[in-house]
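Asker: Take a look at this one; I'll ask things after.
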Amino acid sequence: MLAKDPENDMALQRQSVNRRMAARLAIEQGDAKRSLRFLEVLIPLHEARVAHDPGNTNWIEFRAWLMVDIASAHLSLGEIDEARIAAREAMSQARRLSDTDPTVAGWALGALCGASAVASFAELDAGKSDAVRPIVAEMQSRLDQARVKAASSGDIARCALRMAVVN
C-alpha cells in the first residue's frame, strides 16, 4: 500500500503498530537494543504525522505510546538520562491527548498512566524521588476524576495498580 501511496495514513498507522509490536517482542526476548532500533526508526514518522495533522488524536496517541516504549527500552539498558527524556515526551503527548477529551479513559488512564509510570521509574532510577511525587499526585487526581465520571473500572484498576507500584 505504501509503495502505491506513501502518505496512506492507515498503512502508516499499521506499519507503526507492527514495528512497535516487533519491538515489544524484542524486549520480551531480552534484546532491548534491537527493540530500540525498531522504535527509533518510527520517531521521524510520528513527528511528521503529528506535524502534518496536529489534531489527529490517533497519531498523538501513537506518539505517546512510542515514547513510553522507548523510555522502557532505555530503562532496560540502564540508560537513565535517555529514559527520562523519552518519558517526559511521552507524558507531554499523553497530557495533550487527555486534555483534548478527559472523558476518553484510554487516553487519561491508558496512555497518560503508562507514561506516568515509566516516567516515575526513570526518575527513581535517576535518584530523583522528589520528582515522582507530582507525577503520582497528578495521576491520583485523574483517577479520582475518572471515578466521578464512571470510567471503566478495569481502566481505573489498572492505572491505580501502576501508580501503587510506583508509590
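The values are calculated or read from the model by the stated rules, or taken from the named source; none is laboratory data. Predicted, not measured: the structure shown is a model, and the values here were computed from it. Cβ coordinates were reconstructed from backbone atoms using ideal geometry, including for glycine residues, and neighbour counts include every protein chain displayed. When the accessible area is computed, the model is the full protein with side chains, heavy atoms only, and any ligands, DNA or RNA have been set aside. Shrake-Rupley method; radii C 1.70, N 1.55, O 1.52, S 1.80 Å.
Asker: Within segment 51-89, which residues are touching a Leu at 6+ places or on another chain (Cβ under 8 Å) and not β-branched (Val, Ile, Thr)?
Answerer: Looking only at segment 51-89, we keep the residues that are touching a Leu at 6+ places or on another chain (Cβ under 8 Å), and these are 57, 60-61, 64, 66, 69-70, 73-74, 77, 83.
The answer is 61, 64, 66, 69, 73, 74, 77, 83.
Asker: Then there's this: Only residues that are more than 15 Å from residue 72 (Cα to Cα), open to solvent by 50 Å² or more (accessible area, probe 1.4 Å) and of a type in the set (A, V, I, L, M, F, W, C): list them for segment 35-50, please.
Answerer: The answer is 41, 48.
Asker: Next question. With respect to the numbered conditions (1) more than 17 Å from the chain's Cα centre (by Cα); (2) among the charged types (D, E, K, R); (3) open to solvent by 80 Å² or more (accessible area, probe 1.4 Å), which one is the sole condition not fulfilled by residue 53?
Answerer: Condition not satisfied by residue 53: (3).
Asker: Filtering segment 14-34 down to residues that are in a helix (DSSP H, G or I), more than 28 Å from residue 1 (Cα to Cα) and not hydrophobic (A, V, I, L, M, F, W, C), which residue is most open to solvent (accessible area, probe 1.4 Å)?
Answerer: 28
Asker: Taking only segment 151-164 into account, find how many residues are open to solvent by less than 60 Å² (accessible area, probe 1.4 Å) and of a type in the set (D, E, K, R).
Answerer: Selection size over segment 151-164: 1.
Asker: To continue, here is another question. Out of the residues in segment 126-150 that are exposed (fewer than 13 other Cβ atoms within 10 Å of the Cβ) and among the aliphatic types (A, V, I, L, M), which is nearest to residue 65 (Cα to Cα)?
Answerer: Across segment 126-150, the extreme among qualifying residues is 137.
Asker: Follow-up. Being over 22 Å from residue 40 (Cβ atoms) and surrounded by 14 or more Cβ atoms within 10 Å (Cβ to Cβ) is the filter here, so list the residues in segment 1-13 that pass it.
Answerer: Of everything in segment 1-13, just one residue is over 22 Å from residue 40 (Cβ atoms) and surrounded by 14 or more Cβ atoms within 10 Å (Cβ to Cβ), namely 8.
Asker: Show the residue pairs that are 6+ apart or on different chains and have beta-carbon atoms under 8 Å apart, the first residue being within segment 58-74 and free of Cβ contacts under 8 Å to residues at least 12 places away in the same chain and among the basic types (Lys, Arg), the second being surrounded by fewer than 24 Cβ atoms within 10 Å (Cβ to Cβ) and not in a helix (DSSP H, G or I).
Answerer: Close Cβ pairs (under 8 Å, with a partner that is surrounded by fewer than 24 Cβ atoms within 10 Å (Cβ to Cβ) and not in a helix (DSSP H, G or I)) do not exist here.
Asker: Check 79, 89, 123 and return the single one that is surrounded by fewer than 24 Cβ atoms within 10 Å (Cβ to Cβ) and under 14 Å from residue 136 (Cα atoms).
Answerer: Of 79, 89, 123, the one residue that is surrounded by fewer than 24 Cβ atoms within 10 Å (Cβ to Cβ) and under 14 Å from residue 136 (Cα atoms) is 123.
Asker: Is it true that residue 39 is assigned to a helix (DSSP H, G or I), under 13 Å from the mean Cα position of the chain (by Cα) and either closer than 30 Å to residue 138 by Cα or modelled with pLDDT of 95 or more (or both)? Full working, then the answer.
Answerer: Values: assigned to a helix (DSSP H, G or I): yes; under 13 Å from the mean Cα position of the chain (by Cα): yes; either closer than 30 Å to residue 138 by Cα or modelled with pLDDT of 95 or more (or both): yes.
When the stated conditions are applied, residue 39 passes them.
Asker: Restricting the search to segment 94-120, which residues are open to solvent by less than 20 Å² (accessible area, probe 1.4 Å) and closer than 14 Å to residue 60 by Cα?
Answerer: 94, 97, 98, 108, 110, 111, 112, 115
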